[in-house]
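Below you'll find the structure, written out as structure tokens, and then a few comments.
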Amino acid sequence: MPAHVAESDSTPDPTGTTDPTGATDPAGATDPADPLAHERAHLAASRAALRGMREDVQALDIRDVTANWVNAAVLQAQIDDRIKALADLSHTPLFFGRLDYLHAVGGELAEGADGERFYIGRRHVHDAAGDPMVIDWRAPVSQPYYQASRTNPQDVGLRRRFGYTGGELTAYEDEHLTDPAEAEHTSRLLQTEIERPRVGPMRDIVATIQPEQDEIVRSGLGGTVCVQGGPGTGKTAVGLHRVAFLLYAHRERLARTGTLVIGPNRSFLHYIEQVLPALGELEVKQATVDDLVRTGVEVRGEDEAATAVVKGDARMAEVLRRAIRSHVTSPVEPVVVVRGSRRWRVPAYEIQEMVDELLARDMRYGAAHEALPQRIAHAVLVRMEEAGEAPDDRVQNSVARNPAVKAAVKAVWPAVDPAKVVLRLLSDAEFLAAHAGGLLSEEEQKRLLWARPARSVKSAKWSAADAVLIDEAGDLVARTHSLGHVVLDEAQDLSPMQYRAVGRRCSTGSATVLGDLAQGTTPWSTESWGEALFHLGKADAVVEELTAGFRVPREVIAYASRLLPAISPGLAAVESVRESPGSLAVREVPGGPDELDAAVVAACEESLRHEGSIGLIAADARIPALGAALEAAGHAYLSPGEETTAASRLTLVPASLAKGLEYDYVVLDEPAAVVDGEPDERTGLRRLYVALTRAVSGLIVLHAAPLPEALVQA
């Protein structure tokens, strides 16, 4: 059945009443023969109801319900968050679909005789009487909107999709799932929404979630899910929508424990930062792995690739454990505690037994450091009781703080500074050899040692990999706080030590791991999800694979997939559902750099004649020349992370920052230079694969040098 389309010609009256079917008729103003007007009226009434919900919260007076200023501040903060969550985003559809059930819905199951109608949207909206006007997409009753089919209608008689222009409802399209006479067809509105030009930050896909994506989104909080997805399969959006679903289903628990989204860089986080607020979720924090571990040290240095690979190796965790435990020594003297006229003696062998027990329990170093004085004090109290005294807990705490006890603990189990331990490992060849023996080869140890050892933690030129080592050492001393749920995007690029750093942040919670093995562009990128999940501490995670592509046109993804045998043998190519003839152009440019620069500018001008965002992607070394060429031609351009607008749509993107971003049209400059800009060919080809798959509607590839052999081969 074709979609029904109508142009917006007026703003509906926001007042109205709900009829028995759940639709809204503003005082009888709509014509029953005009379904579009009927739906517009329900939209207007729903927006009015949302405003009413917001005004009710704004009108709350908490002066007489709080005991003190602390309670008042907490409650006011919660009210402010609720007001923000109830904001009506004028250009974001309040609802995007409708379900007409065949029977009444009780809980999650349909039963009874009378059908019910539900409008599915980004948030719950109810009228003044408390009756729902829009159902949250995460509610159980909404799930058939994504999962129902002709073979399994799930008691849905009709599924209606809505089309919008600038926030105004302009079209609808129906599927009668139980009507055998209606031919199955691809939703034009769904396709249009997927292909809608991308200007501004990443938007949610709540209106276009596919059944296989929905199953991942709604998977439970208890387990970790790893999503392998090629370009355009929606894995990032799935991960973000999973967070929104978990916050809906487990809000109280996650409010206590917290949630975190981890991305590869700041540009990527800026690009995705509006997705969760658009779904009404404002409390999810975002960070890069570097943000997590850069606590207490300033990163000013950079490692060679081979050195970074060694520092990121999981064996470093054992090197650090040995180095920290090496600070524990055997006692050589007894502890003598003087209290009043009495002296209490704990022999060295007994203290050694305490130390051995703490070591055997494999406690964190700092926790054992705090426990040892209490153990010594307890031994003293036993002697006091044997002598007829009756000491209590206060006496034990006093003994634990006794100078003799504190001196003994300092000598046997001294406090350690994690950064100083790492500093010594990287500066002192003998210390490193003592703790890396049998783990790291002599060549690997030489790579770790600084050519010019730093004098102090503050003066050291720490690298990003060093910060991860310090974070590991810090966790060996004191437990890292664990969150309830962590989303890790572009996970294929992490080193084993980085996985461990993220895993510590969800050791008692769960995770959603997102990535594509074919897009691993670091020398230490993982070869398998099994290996990555083991280092993350989530070896029992379920691995799901998304192979249906919704973003990249079929012609473009097929061209990029020529690289898969060279960069990730055995990985299935993405099967794009979008066919777009003419979406790919590969052009050889005769001449030198000047001719190539001119051709690139011309290609950008050609792309700018289309609607939507334009990304010019090039090897990092080519960015200054291309920036100058664009400026000379009078074209202003944005940097990755800057928000595109209708007036400013061209972004100049270094290949190293292209991952995770998308543009309607992409101009790719000199593929060979992208490959040559990386330390090895495999990493370079993976970087090229990323660059080739950023386009939503069209890709122009320009080259003066020969194309990489892997790309030329059919």
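The values are calculated or read from the model by the stated rules, or taken from the named source; none is laboratory data. Predicted, not measured: the structure shown is a model, and the values here were computed from it. For neighbour counting, all protein chains shown are included, and Cβ atoms are generated from backbone atoms with ideal geometry for every residue, glycine included. For the accessible areas, the whole protein counts, side chains as well, though only heavy atoms, and no ligand, DNA or RNA atoms are used. Shrake-Rupley method; radii C 1.70, N 1.55, O 1.52, S 1.80 Å.
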Fill in the blank from the handout: CD proxy, 222 nm, the chain: helix-only mean residue ellipticity via -39,500 (n - 2.57) per DSSP H run with n ≥ 4, per residue, nearest 500, stands at -11500 deg cm²/dmol
Practice task
State log₁₀ I(q)/I(0) for the stretch 472-515 at q = 0.26, 0.31 Å⁻¹ as given by the Debye formula over alpha-carbon point scatterers of equal weight, solvent excluded.
Solution key: -0.93, -1.12
Handout entry: Largest-first principal axis extents, alpha carbons of the stretch 228-332, Å
Key = 62, 37, 28
Fill in the blank from the handout: By the Kirkwood definition, with r running over pairs of different Cα atoms, the stretch 641-714 has a hydrodynamic radius in Å of 13.1 Å
Problem - Pairwise label distance in nanometres, LYS406 with ARG321, each label 7 Å out on the Cα-Cβ vector - result: 3.3 nm
Exercise for the section: When a/c is below 1.5 the answer is rounded, else prolate if a/b is larger than b/c, else oblate, so apply that to the stretch 555-621 with a ≥ b ≥ c taken from the square roots of the Cα gyration tensor eigenvalues. Expected result: oblate
Handout entry: Span-like helix ranges in the chain, DSSP H, alpha carbon extent 15 angstrom or more, Kyte mean at least 0.5
Key = 235-249, 464-477
Completion exercise
So, with points 7 Å from each Cα along the Cβ direction, the LEU60-SER341 label distance in nm works out to 6.7 nm
Practice task
Let me see the pair-distance distribution of the stretch 487-551: every alpha carbon pair, 10 Å bin width, integer percents in order.
Solution key: 22, 57, 19, 2
Fill in the blank from the handout: For the stretch 256-390, the Kirkwood Rh over every pair of distinct alpha carbons, in Å, works out to 20.4 Å
Problem - Local electrostatic count, LEU702, Cβ distance below 12 Å [Lys/Arg +1, Asp/Glu -1] - result: -4
Practice task
Can you grab the distance from the C-alpha centre of the stretch 672-714 to the C-alpha centre of the stretch 237-283, Å, no decimals?
Solution key: 32 Å
Completion exercise
A 1.4 Å probe over the protein heavy atoms gives the stretch 292-386 a carbon and sulfur accessible-area percentage of 46 percent
Exercise for the section: Mind giving me the nanometre distance, one decimal, between the label points for GLU579 and GLU443, set 7 Å out from Cα along Cα→Cβ? Expected result: 5.3 nm
Practice task
Sort out for me the Cα centre separation of the stretch 451-470 from the stretch 342-420, rounded to whole Å.
Solution key: 34 Å
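So for each of 595-603, 685-693, 248-256 I average, over its residues, the number of other beta carbons within 10 Å; can you give me the resulting order with the highest mean first?
On the way: 595-603: 19.6, 685-693: 27.0, 248-256: 13.8.
Put in order of decreasing packing, that is 685-693, 595-603, 248-256.
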Practice task
Keeping all protein chains in place, calculate the accessible area per residue for the chain (probe 1.4 angstrom), answer in Å².
Solution key: 45 Å²
Exercise for the section: Determine the sum of side-chain charges near ALA407: Lys and Arg each +1, Asp and Glu each -1, restricted to other residues whose C-beta is under 12 angstrom from that of ALA407. Expected result: +2
Completion exercise
Counting only residues 5 or more apart in sequence or on a different chain, those whose built amide H sits under 5 Å from that of THR170 are GLY163, TYR164, THR165
Problem - For the chain: span of alpha carbons on each principal axis (Å, largest first) - result: 101, 76, 46
Handout entry: For the stretch 482-602, projected area of the alpha-carbon convex hull averaged over all directions, nm²
Key = 10.3 nm²
Handout entry: Computed E for ARG150/ASP676 - FRET, C-beta separation, R0 56 angstrom, nearest 0.05
Key = 0.60
Completion exercise
Residues whose modelled amide H sits under 5 Å from the amide H of GLN286, counting only those 5 or more places away in sequence or on another chain, are VAL261
Exercise for the section: Could you name the aspartates and glutamates whose alpha carbon sits less than 12 Å from that of LYS84, not counting residues in the same chain fewer than 8 places away? Expected result: GLU55, GLU281, GLU283
Exercise for the section: May I ask you to list the lysines whose Cα is less than 21 Å away from that of LYS420, ignoring any residue fewer than eight positions away on the same chain? Expected result: LYS311, LYS410, LYS446, LYS458, LYS461
Exercise for the section: Using only the alpha carbon atoms of the stretch 417-543, find the Kirkwood hydrodynamic radius as the inverse mean reciprocal pair distance, in angstroms to one decimal. Expected result: 16.0 Å
Practice task
Could you state how much accessible area HIS91 has, in square angstrom rounded to the nearest 10, with a 1.4 Å probe and all protein chains kept in place?
Solution key: 140 Å²
